Amino acid sequence: MHFPVAICFSSPFIKFYPRLPITAKKPDRNVDLCGDGKDDKRDHKQSMTTILGIIIVLGSCATGFILSHGNLLALWQPNELIIIAGSSLGAFIISNPLKTTITVFKSIPQLLSPPKYSRESYLNVLSLLYDLFVKARVKGMMALEQDVDEPENSEIFTNFPKILKDKHIVHFITDYLRLMVSGNMNAMEMESLMDLELETHHEEATIPANSLTKVSDALPGFGIVAAVMGVVITMGSLGGPVTEIGAHVAAALVGTFLGILLAYGFVGPMATYLEHKCREEAKYLECVKTTMVATLNGYSPQIAVEFGRKVIYAAERPGFVELEERIKKK
């Protein structure tokens, strides 16, 4: 791979600062650069939180019903459930392309997974960007050619194996590093291009959540369908015993109950959680974008990562001293 211009930060919008005596040090192998070692605990906590929410929804409905002297067995209407769940699934398949259907089903396991981007994740990506831009500042942007072309063999990228496994973020970083090396784009142009890519990515990432939201909106309607079918059966039993008629009416009403419960107790919250995951990923990419744009504007690596730190949500944002200490350990 060859780049047409072998200069560092050639944009006319760049601010030039006196070159500081920065030395690139190899990272301390005793420092955990790839994670906080608590992924299993976060997985367990998120799984327990999801299960707890399910228990609360079902337990609240069951407890209130029992306290009202209801019989829980009366709520067990598998035929109604087949009508509601089957019709909803069929409508979902009709309304979405095959690739969207597959994507939604692949996204469901995320409900039991913790947030992908934690405070440690942000420390790692900011440390990675800091390393890359220190190398560029010391040796020139062309020194990043090998890191950009083969990140899996890069001495810098391999220090962050968890980031290296995330192909999207690796491609995002390396693609824009190529543009920075070429020197043909100023900071405003590259920021505009990044915004377009992030907007496209966000639209694509929210497809599963939007699809589940539409299913949630449809479920009460299918509950009514099941109830109407139950009423039809009831009308055919008008000449029978009162207990039989009552059982049919109860089954019909359970259909409405199940449709509303599934919509607002399960499918709707699932869609909302997936939306939160999309926002978290968008914020992570915005952090990377802000850091890279600040670098292209001529700020030193230490100041550039501070730009990136400032856009992180407060819950995951590392402190100034915390980030500085992480960088100094490297």
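Observations
- Pair list, Cβ < 7 Å and 6+ apart or interchain, from segment 180-203 residues that are among the hydroxyl-bearing types (Ser, Thr, Tyr) to residues that are at pLDDT below 90: Ser182/Phe3; Ser182/Pro4; Ser182/Val5
- With respect to the stated conditions, Ile173 is surrounded by 16 or more Cβ atoms within 10 Å (Cβ to Cβ) and assigned to a helix (DSSP H, G or I).
- Hits in segment 96-134 (condition: closer than 16 Å to Thr213 by Cβ and in contact with a Lys or Arg (Cβ under 7 Å, 6 or more places away or on another chain)): Gln110
- Complete set of residues in segment 76-110 that are among the aliphatic types (A, V, I, L, M) and either assigned to a loop (DSSP other than H, G, I, E, B) or surrounded by fewer than 18 Cβ atoms within 10 Å (Cβ to Cβ) (or both): Leu81, Ile82, Ala85, Leu89, Ala91, Ile93, Ile94, Leu98, Ile102, Ile108
- Some residue of segment 235-255 being among the small types (Gly, Ala, Ser), closer than 21 Å to Leu126 by Cβ, at pLDDT below 90 and assigned to a helix (DSSP H, G or I): no
- Among the residues of segment 111-154, those identified as hydroxyl-bearing (Ser, Thr, Tyr) and not in a helix (DSSP H, G or I) are Ser113, Tyr117, Ser118, Ser154.
- Search result, residues across segment 183-217 that are assigned to a helix (DSSP H, G or I) and either touching a Cys at 6+ places or on another chain (Cβ under 8 Å) or of a type in the set (D, E, K, R) (or both): Glu189, Glu191, Asp195, Glu197, Glu199, His202, Glu203, Glu204, Ala205, Ala209, Lys214, Asp217
- Just one of the listed residues (Ala294, Ala271, Ala282, Ala304) is over 30 Å from Glu80 (Cα atoms), under 15 Å from the mean Cα position of the chain (by Cα) and among the hydrophobic types (A, V, I, L, M, F, W, C), and it is Ala282.
- Qualifying position, being touching a residue at least 40 places away in the same chain (Cβ under 8 Å) and surrounded by 16 or more Cβ atoms within 10 Å (Cβ to Cβ), among Ala251, Ala294: Ala251
- Each residue in segment 307-330 was checked for being more than 23 Å from the chain's Cα centre (by Cα) and part of a helix (DSSP H, G or I), and 9 pass.
- Contact map, segment 137-151: first residue over 15 Å from Asp175 (Cβ atoms) and touching a residue at least 40 places away in the same chain (Cβ under 8 Å), second residue surrounded by fewer than 20 Cβ atoms within 10 Å (Cβ to Cβ) and aromatic (Phe, Trp, Tyr), Cβ cut-off under 9 Å, separation 6 or more or different chains; pairs are Met142/Phe3.
The values are calculated or read from the model by the stated rules, or taken from the named source; none is laboratory data. What you see is a predicted model, and the numbers here were worked out from it, not measured in a lab. Using ideal geometry, Cβ is built from the backbone for each residue, glycine included, and neighbour counts are taken over all protein chains shown.
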